[in-house]
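Undergrad: Dumping the structure here so I can ask a few things about it.
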Amino acid sequence: MKLGVTLPQFTGDPHALLRSARRAAAAGLDSVWVFDHLWPLSGGKERPILECWSTLAWIAGALEEKVIIGTLVTRSSLRNPALLARMAATVADMAPGRVIVGIGSGDAASRPENEAFGIPYWEGEERHDQLFETAAAVRAHLAGRAPVWIGGRSRAIRRAAGRVADAWNGWGGTPERFARDAREVKGARLTWGGLAVLASTDTAAAEKAGKRNPAEYVIGGPARLAGHLAGIAAAGAEHAVITFPDAAASGPYELLGGEVRSKLDAARRSA
């Protein structure tokens, strides 16, 4: 199973993000990813943030060729589908064979962003339809230059994944839940993304995450995270993308690429 990480893009310093991307590559990780938001997810709307696709284009030229780059996820509603398709194709041409286009609709937490910038926000079936049409259009325009992942936990998204995308990404939850959800995915590969705190690198973040919403995070040492990933892999996931709250600091990427991967490989060999 390939291992990747999201980058610390809630910053005004693009060089700090690039340093993190290079750390991930040096740690032997397979992929690096960016979110798609117009303001940071926490800490106030005035915090700086680096835009998704311009950041990805910069990383494409700055990272060594073996590292996969992608969006997890680009929001289907933030751009005209034709524009998004051209942007994705352009970055795919900059980094042949290295780009993955993850697409999702966002959720209720995304609504204030859309409304603040005058961008339509769809609900219910309309949101699913808009997502599916966008994913299908982008995939058709890419014409095999880059795979498309569709992200979301709803039944409608799982059932549509094989029709409009190359892979489905399930975010968060236990290996058992991932396995249950994955049974409804037909004709698409399986991938996973989620939040983790390696307690050995940031005890304060671990304590905060555990108090705020322990079900959202995988919290513990390398053995705990490796065990979780082994369960995800056993359920069929080919790629896992981890978001660390302390990603800008040295430690999490290195442990994921070293001790966690070693324990994960050992667990899979013994299974």
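Undergrad: Can you tell me which residues in the stretch 69-86 are in a helix (DSSP H, G or I) and either aromatic (Phe, Trp, Tyr) or more than 18 Å from the chain's Cα centre (by Cα) (or both)?
TA: Scanning the stretch 69-86 gives Pro81, Ala82, Leu83, Ala85, Arg86.
Undergrad: Do you know which residues across the stretch 105-161 are among the polar types (S, T, N, Q), buried (at least 22 other Cβ atoms within 10 Å of the Cβ) and in contact with a Phe, Trp or Tyr (Cβ under 9 Å, 6 or more places away or on another chain)?
TA: Ser105
Undergrad: Taking Gly152 and the conditions (1) under 19 Å from Ala85 (Cβ atoms); (2) in contact with a strand residue (DSSP E or B) (Cβ under 6 Å, 6 or more places away or on another chain), which numbered condition does it fall short on, given that it satisfies the others?
TA: Result: Gly152 passes all but (1).
Undergrad: Next question. On the basis of being touching a strand residue (DSSP E or B) at 6+ places or on another chain (Cβ under 8 Å) and of a type in the set (Lys, Arg), does Arg145 make the cut?
TA: yes
Residue-by-condition table, conditions (1) of a type in the set (Gly, Ala, Ser); (2) part of a helix (DSSP H, G or I):
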{"site": "His128", "(1), (2)": "no, yes"}
{"site": "Glu133", "(1), (2)": "no, yes"}
{"site": "Ile157", "(1), (2)": "no, yes"}
{"site": "Arg163", "(1), (2)": "no, yes"}
{"site": "Arg177", "(1), (2)": "no, yes"}
{"site": "Lys186", "(1), (2)": "no, no"}
{"site": "Ala204", "(1), (2)": "yes, yes"}
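Undergrad: Being outside any strand (DSSP E or B) and either among the charged types (D, E, K, R) or touching a Pro at 6+ places or on another chain (Cβ under 8 Å) (or both) is the filter here; which residues of the stretch 166-175 pass it?
TA: Correct list: Asp166 only.
Undergrad: Here's a follow-up. State all residues of the stretch 239-271 that are over 17 Å from Val32 (Cβ atoms) and either touching a Lys or Arg at 6+ places or on another chain (Cβ under 8 Å) or part of a helix (DSSP H, G or I) (or both); if no residue qualifies, say none.
TA: Those that are over 17 Å from Val32 (Cβ atoms) and either touching a Lys or Arg at 6+ places or on another chain (Cβ under 8 Å) or part of a helix (DSSP H, G or I) (or both): Glu259, Ser262, Lys263, Leu264, Asp265, Ala266, Ala267, Arg268, Arg269, Ser270.
Undergrad: Give me the pairs: first residue in the stretch 246-265 and at negative phi and surrounded by fewer than 20 Cβ atoms within 10 Å (Cβ to Cβ), second residue of a type in the set (Asp, Glu) and modelled with pLDDT under 95, beta-carbon distance under 6 Å, and six or more apart or on different chains, which are they?
TA: What qualifies is Asp246/Asp202.
The values are calculated or read from the model by the stated rules, or taken from the named source; none is laboratory data. Keep in mind that this is a model prediction, so the values were computed, not measured. When we count neighbours, we look across all protein chains shown, and the Cβ atoms used for this are built from the backbone with ideal geometry, even at glycine.
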